[in-house]
1. Do we have residue 183 as part of a loop (DSSP other than H, G, I, E, B), aliphatic (A, V, I, L, M) and at pLDDT 95 or above here?
2. Quick check on my filter: what residues within segment 73-83 are among the β-branched types (Val, Ile, Thr) and crowded, with 23+ Cβ neighbours inside 10 Å?
3. It is to be established whether one or more residues within segment 93-114 are touching a Phe, Trp or Tyr at 6+ places or on another chain (Cβ under 7 Å) and modelled with pLDDT of 95 or more.
4. Would you mention how many residues in segment 109-142 are buried (at least 21 other Cβ atoms within 10 Å of the Cβ) and part of a loop (DSSP other than H, G, I, E, B)?
5. Can you find, within segment 143-166, the residue that is surrounded by the most Cβ atoms within 10 Å (Cβ to Cβ) among those that are touching a residue at least 24 places away in the same chain (Cβ under 8 Å), farther than 14 Å from residue 94 by Cα and hydroxyl-bearing (Ser, Thr, Tyr)?
6. Looking only at segment 26-55, count how many residues are under 18 Å from the mean Cα position of the chain (by Cα) and on the phi > 0 side of the Ramachandran plot.
7. Checking the conditions here, which among 70, 103 is in contact (Cβ under 8 Å) with a residue 24 or more places away in the chain and surrounded by 23 or more Cβ atoms within 10 Å (Cβ to Cβ)?
8. Kindly indicate the residue of segment 24-52 that is polar (S, T, N, Q) and assigned to a loop (DSSP other than H, G, I, E, B) and also surrounded by the most Cβ atoms within 10 Å (Cβ to Cβ) among those meeting that condition.
Amino acid sequence: MSTTATVEYRTLGKAGLRVSVPILGAMSYGTPKWAPWVLEEEPSLEIMKAAWDLGINTIDTANVYSNGESERFIAKFLKKYNIPRHQIVIATKCYSAVVNDPSIQSFTIPGIEDLPEYVNQSGLSRAAIFNAVDASLARLETSYIDLFQIHRFDRVVTPEETMKALHDLVQSGKVRYIGASSMRCWQFAMLNDVAAK
């Protein structure tokens with residue numbers, strides 16, 4: 001990273017975490033088997049390095065992007081370019097199941113959560129969230145996630161269970177900050193209200 005930043009750094013909401021503006025999105029890093037517009041490893045790492053050189057220190061991904069390959073590429077990027085972990089902000093998400101076949105988009109398979117190998121591997125139950133975090137930490141080869149986001153609203157699991165699980169992950173040190181993505185405003189407000197209690 002250059003010593004003269006060409007990007008701006010802002011605090012994330014009311015939290016003290018500072019992130020780069022812009023944030024580098026990593027949905028398109030992984031395998032074209034998952035989606036035809038996804039880049040393979042070498043061009044993905046080159047883009048991450050170019051962004052890093054410009055001062056972009058925040059990468060946003062999700063466990064489901066290329067079934068974990070996006071997270072693995074971030075780990076490879078940090079290793080290849082000897083990036084100190086504390087100098088980069090990694091954001092990832094959970095909700096959908098991660099499958100072993102990189103060509104499958106698990107969120108397009110109805111009833112996947114009822115298949116034996118995917119029970120407690122999707123949704124926002126305490127078990128599913130803890131399983132997702134542990135798997136993401138392994139793929140990212142790190143001991144903590146800077147920003148862990150729920151990728152959808154779960155209509156089956158109570159907001160109390162979801163928010164307690166997220167709180168406990170922050171308390172454990174595996175997750176430093178929490179957030180949410182891709183849901184209606186009232187759903188986000190409900191979760192936020194539960195968290196405030």
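1. Values: part of a loop (DSSP other than H, G, I, E, B): yes; aliphatic (A, V, I, L, M): yes; at pLDDT 95 or above: yes.
Yes, satisfied.
2. Matches in segment 73-83: 74 only.
3. Quick first cut of segment 93-114, residues touching a Phe, Trp or Tyr at 6+ places or on another chain (Cβ under 7 Å) only: 96-97, 102-103, 105, 112.
Of the ones still in play, those that are also modelled with pLDDT of 95 or more are 96-97.
Checked against the condition, which is being touching a Phe, Trp or Tyr at 6+ places or on another chain (Cβ under 7 Å) and modelled with pLDDT of 95 or more, segment 93-114 yields at least one hit.
4. 4
5. Per the stated criteria, the residue is 144.
6. So the count comes out to 1.
7. Working: 103 fails: surrounded by 23 or more Cβ atoms within 10 Å (Cβ to Cβ).
Matching residue, one of 70, 103: 70.
8. First pass over segment 24-52, keeping only residues polar (S, T, N, Q): 28, 31, 44.
From what's left, assigned to a loop (DSSP other than H, G, I, E, B): 28, 31.
Working: 28: 17, 31: 19.
In this case the residue turns out to be 31.
The values are calculated or read from the model by the stated rules, or taken from the named source; none is laboratory data. Just so we're clear, the structure is a prediction, and the values are computed from it rather than from any experiment. Glycine gets a Cβ as well: all are built from the backbone with ideal geometry, and neighbour counts include every protein chain shown.
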